[in-house]
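Since the structure comes first, as structure tokens, the remarks are kept for the end.
Every number here is computed from the coordinates shown, using simple stated rules; none is lab data. These numbers come from a predicted model, not from an experiment.
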Amino acid sequence: MIQQRIEHKLNDAFSPKHLEVLNESYMHNVPPGSESHFKVVVVSDQFNDQRLIARHRAINSILADELANNIHALAIHTYTEAEWSELIAAPASPSCRGGSQIG
């Protein structure tokens with residue numbers, strides 16, 4: 001299962017204080033049960049003193065195989081513990097505006 005593989009890789013790489021891996025494929029024009037669209041929320045001490053682009057590059061690097069082969073879209077939300085304590089929730093994902101829908 002792709003979701004479990006993502007969780008395992010991110011846990012191993014970042015030892016996060018908080019981790020969410022949400023399969024948002026159901027929000028898109030894909031067959032039921034698909035694992036193609038994900039949102040990850042990672043709160044880690046490793047992000048201290050890192051710019052947002054460096055954090056996203058780190059996530060993309062860890063998930064390079066999944067991004068190349070399985071994942072169509074990945075929403076990445078990375079936080080330090082201090083940043084997360086001010087939020088307590090990542091932004092909601094927008095509704096799909098898929099180009100292949102008829103209507």
Report the antiparallel proportion of the DSSP beta bridges in the chain as a percent, rounded to a multiple of 5.
-> 45 percent
The range 7-60, Rg to Rh (Cα coordinates; Rh as Kirkwood inverse mean 1/r) = 1.06
Could you give the spread of the C-alpha atoms of the chain along their three principal axes, from largest to smallest, in whole angstroms?
-> 45, 27, 21
